[in-house]
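Every read-out reported here was derived from the displayed coordinates using simple, explicitly stated rules and does not represent laboratory data. Since this is a predicted model, take the numbers as computed values, not measurements. In this analysis, Cβ positions are derived from the backbone assuming ideal geometry, glycine residues included, and neighbour counts consider all displayed protein chains.
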């Protein structure tokens with residue numbers, strides 16, 4: 001039991017067996033979340049620190065609640081209120097947290113590879129809560145948990161992901177994780193947001209939203225990063241929503257029991273019309289709950305490894 | 001001072017196994033008894049002192065990375081006796097005063113012949129042409145805005161025209177910066193690890209522009225550190241048409257690919273970036289068929305703090321002086337791609353010719369610049385053995401052939417391996 005590596009850096013580093021162990025553990029963690037007394041002792045006497053160099057609502061709060069539900073001492077650092085604002089380097093900051101006896105450091109950073117860079121320098125386990133455009137493994141795990149609760153197997157399932165593929169760490173982690181378990185991932189988005197060589201990651205690049213969504217078992221929309229619009233990746237929100245958003249009509253092309261996901265935060269009326277966000281097939285709010293469960297499972301399994309050593 | 005080197009294998013001179021040096025010059029034979037020193041080279045390979053036409057010595061302004069003295073010591077350890085430092089110092093080497101200071105420091109160090117390259121435009125800003133004539137009087141051998149390519153084609157035209165009045169070659173780092181906002185080669189690997197990519201097209205577009213300008217104006221242009229298949233193809237085709245274009249590549253482009261960036265190791269980060277295998281093979285093909293004229297190092301020292309950080313924040317560039325010959329020997333000569341003589345052409349005669357330095361001669365009366373290499377025994381390159389102030393090499397632990405045994409400049413030992 002437990003993970004093979006000290007750190008959870010990405011889906012790239014997980015075996016299919018480890019992914020399934022996390023998902024199975026997360027299912028039992030959901031029982032804790034649903035109970036009236038949300039308390040376990042798995043992390044009692046342990047310390048967990050979240051170190052976020054980027055804004056976050058869901059990821060940071062769900063990690064924080066996950067660690068608290070399991071009884072750990074937890075603390076937060078954000079860049080604006082810490083010595084990072086004084087120009088302290090990432091490595092010095094991470095070492096400082098490490099030397100305070102921290103067991104697990106959960107980090108979000110705007111640069112790809114930042115957790116990979118600090119992890120070998122630290123005794124603490126590092127959990128990647130999103131690094132640049134690279135990976136967001138716990139997001140993929142919560143997405144996969146949401147699917148796993150509806151699928152008996154990932155084998156042969158068709159997953160369509162539409163939107164800003166280029167900048168999305170969610171796509172990369174999902175593509176890697178889902179492929180490892182035998183699912184087929186199809187991506188679609190404006191060509192200006194499609195990274196070169198994405199098909200080498202084992203995904204199919206569709207020609208249109210319709211092409212991507214047709215016969216899908218699950219459909220995922222991605223947040224359009226409106227702040228990137230000045231970089232001329234698409235001409236206007238109006239044009240984006242006309243040609244690239246997932247509408248009710250398009251969703252009808254997917255399999256009858258298909259469901260709709262979105263990692264949030266969502267730009268209503270851009271990547272999804274509000275009616276679609278709230279439609280019967282939408283499981284977006286459930287994903288949020290699963291986020292806590294999956295993060296509890298990850299913390300639990302990393303700590304199990306630390307305790308076994 | 002009279003020196004004899006005996007038991008030599010002199011590259012390109014079968015039959016010659018003794019070298020005579022008198023007063024800093026190669027000399028006719030004289031008796032051993034008349035020598036101040038007799039060095040037994042023990043059958044090692046002797047080549048003319050290497051010429052690095054593209055190096056960063058960092059002084060003035062960045063002495064915490066490297067100084068002229070340490071950079072020259074590092075170059076001497078690589079078998080170099082002549083180096084051409086790029087002007088991107090602080091202040092920029094865009095005026096005679098800075099050039100004079102560089103030349104003076106280099107003479108004090110006395111470890112390499114230092115031939116500075118002046119900025120092509122003031123402040124390497126790409127707007128106004130620099131005082132090329134005055135800088136030539138102070139000692140520059142070429143002009144370049146290395147690292148900050150001249151973006152405006154109109155300015156590039158003026159740089160080519162004005163430099164030709166002073167017979168100064170123009171060396172251009174070809175990169176369309178509007179197309180290359182990334183930190184590594186754009187492709188499968190950059191996509192997989194989420195690093196913004198630099199497309200080969202960014203390099204190719206500016207190479208094409210420079211070839212077109214050179215041909216139109218009938219003025220030579222030299223393309224720095226070519227890393228792409230398209231670049232090699234265009235230069236090959238232009239040369240065949242008679243365009244006065246020359247180019248260099250660097251050892252990293254024929255020894256490594258972008259796969260090595262997968263773990264975010266910043267010692268594999270440089271501009272242009274490591275490309276894919278097909279480009280690596282195209283560089284070797286260009287070296288073989290003569291399209292590529294020179295191998296330079298683009299030796300770029302950086303402090304530990306500038307490399308031990310997030311990949312995209314890390315400085316570009318790697319050390320190269322102390323590994324270049326061994327990499328060339330191991331990856332080009334031992335593999336049978338080229339001969340040792342051709343490697344010496346690429347690393348000595350051709351750069352000397354492009355910059356009109358008059359280096360590389362080994363006849364009586366020529367300056368006694370030479371390097372002795374052990375090409376028969378494998379050695380493990382150890383970054384802690386380096387003479388550079390910095391340690392940003394990707395080659396630590398690599399098994400190579402061609403360890404430097406000794407370097408002599410003007411009859412004086414500038415490096416000697418401690419045995």
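At q = 0.15, 0.21, 0.26 Å⁻¹ the log10 of I(q)/I(0) for the range B:333-419 amounts to -0.76, -1.27, -1.31, computed by Debye summation with a single uniform scatterer per C-alpha, solvent ignored.
Past the 19 angstrom mark, what percentage of all C-alpha to C-alpha distances in the range A:163-219 do you count?
Details: 305 of 1596 pairs.
For the range A:163-219, the share of Cα pairs beyond 19 Å comes to 19 percent.
Measuring spread by the Cα atoms of the range A:90-191 yields a radius of gyration and Dmax of 16.0, 47 Å.
Normalised by residue count, the range B:89-132 yields a Cα convex hull volume of 63 Å³ per residue.
Each part reduced to its alpha carbon centroid, the range B:132-202 and the range B:16-46 end up 43 Å apart. The spread of Cα positions in the range B:251-401, taken along each principal axis and listed from longest to shortest, comes to 53, 34, 33 Å. Beta-bridge orientation, the protein assembly as shown: approximately 30 percent antiparallel, per DSSP, counting only bridges with both partners inside. Among B:194-201, B:379-386, sorting by the average number of other beta carbon atoms lying within 10 angstrom of each residue, highest first, gives B:194-201, B:379-386. In terms of the Cα gyration tensor, with a ≥ b ≥ c the square roots of its eigenvalues, is the range B:79-218 rounded because a/c is under 1.5, prolate because a/b exceeds b/c, or oblate? Oblate, because a/c is 1.5 or more while a/b does not exceed b/c. DSSP beta bridges confined to chain B are antiparallel in about 50 percent of cases. Over all directions, the average projected area of the alpha-carbon convex hull for the range B:66-150 comes to how many nm²? One quarter of the hull surface, i.e. the mean projection, equals 5.1 nm².
How long are the semi-axes of the ellipsoid equivalent to the range B:145-262, from square roots of 5 times the Cα gyration tensor eigenvalues, in whole Å, largest first? Before the final figure, lay out each step's value.
Working: eigenvalues 156, 44, 27 Å².
In descending order the semi-axes read 28, 15, 12 Å.
For chain A, the percent of C-alpha pairs falling in each 20 Å distance bin, counted from 0 to the bin holding the largest distance, reads 34, 57, 9. Size descriptors for the range A:1-149, from the alpha-carbon set: Rg then Dmax equal 15.1, 45 Å. Centre-to-centre separation between the Cα atoms of the range A:1-36 and those of the range B:285-302: 49 Å. Of all the C-alpha pairs in the protein assembly as shown, what % are more than 46 Å from each other? When every Cα pair of the protein assembly as shown is considered, 33 percent fall beyond 46 Å.
Quick one: check the C-alpha center-to-center distance for the range B:380-413 versus the range B:205-220, whole angstrom. Going from one Cα centre to the other spans 37 Å. For the range A:177-309, the alpha-carbon coordinates run over 55, 35, 30 Å along the three principal axes, in decreasing order. Relative to the longest principal Cα axis of chain A, at what angle does helix A:284-308 sit, 0 to 90 degrees, rounded to 10? Around 30 degrees separate the two axes.
Given N residues in the range A:104-255, what is Rg(Cα) / (2.2 N^0.38 Å)?
On the way: Rg = 16.2 Å, N = 152, 2.2 N^0.38 = 14.8 Å.
Output field value: 1.09.
DSSP beta bridges confined to chain A are antiparallel in about 5 percent of cases. With semi-axes defined as the square roots of five times the eigenvalues of the C-alpha gyration tensor, the equivalent ellipsoid of chain B measures 33, 24, 21 Å, largest first. For the range B:13-159, the Kirkwood radius over C-alpha pairs fed into Stokes-Einstein at 25 °C and 0.890 mPa s yields D = 143 µm² per second.
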